[in-house]
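Here the structure is laid out as structure tokens; the discussion comes afterwards.
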Amino acid sequence: MAFSVYLKDSLAPFYTFSCDSLNALVDTLLNLQSHYVNPNNVFLYPNPSNGILKIGSSLKEFNLKSIELIGVNGMAVGQKNSSEDIKTSLYEFDFSSLASGLYTVILISKDNQRYIKKWSKL
């Protein structure tokens, strides 16, 4: 007997998994759960802002690797790497040179977990 699972997340692409056994299916789903990131653990403020973007986390330690800003046209308009190699719960970036508008912010942690947020620059 074969199993097919279709997963859809509002922030991720559509995934299809096929398995020959129920055990393999459960293992696959548990593996996916271990990579799931709760976006509520990370927050942007002030939002909206004049360009200084602070990134905080309710996690005790959050090790940010990079931040990427995507404009409304879907193009990357800004990227910065974290210069800090320490685990902290607060980061600050200056995006004051960007035009006013709505941006999608993609945060990537050192362990490659992705957090996707919206940010408005005044």
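A few remarks follow.
- Taking every Cα-Cα distance in the range 39-121 and sorting them into 10 Å bins starting at zero, the pair-distance distribution P(r) comes out as 18, 57, 23, 1 percent.
- Length released on extending from residue 90 to residue 66, taking residue separation times 0.36 nm less the Cα-Cα span: 7.3 nm
- Phi to ³J(HN,Hα) by Karplus 6.51 cos²θ - 1.76 cosθ + 1.60 over the range 47-58, Hz, x for Gly, Pro: 9, x, 9, 8, x, 7, 10, 9, 10, x, 9, 7
- Within-10-Å neighbourhood charge of residue 106 [Cβ basis; K, R +1; D, E -1]: +1
- The Cβ shell under 13 Å around residue 78 holds other residues with a net charge of 0, Lys and Arg each +1, Asp and Glu each -1.
We did not get these values from a lab; they are worked out from the coordinates using the rules stated. This one's a predicted model, so the numbers in the text were calculated from it and none came from an experiment. Neighbour counts run over all protein chains shown; Cβ positions are idealised from the backbone, glycine included.
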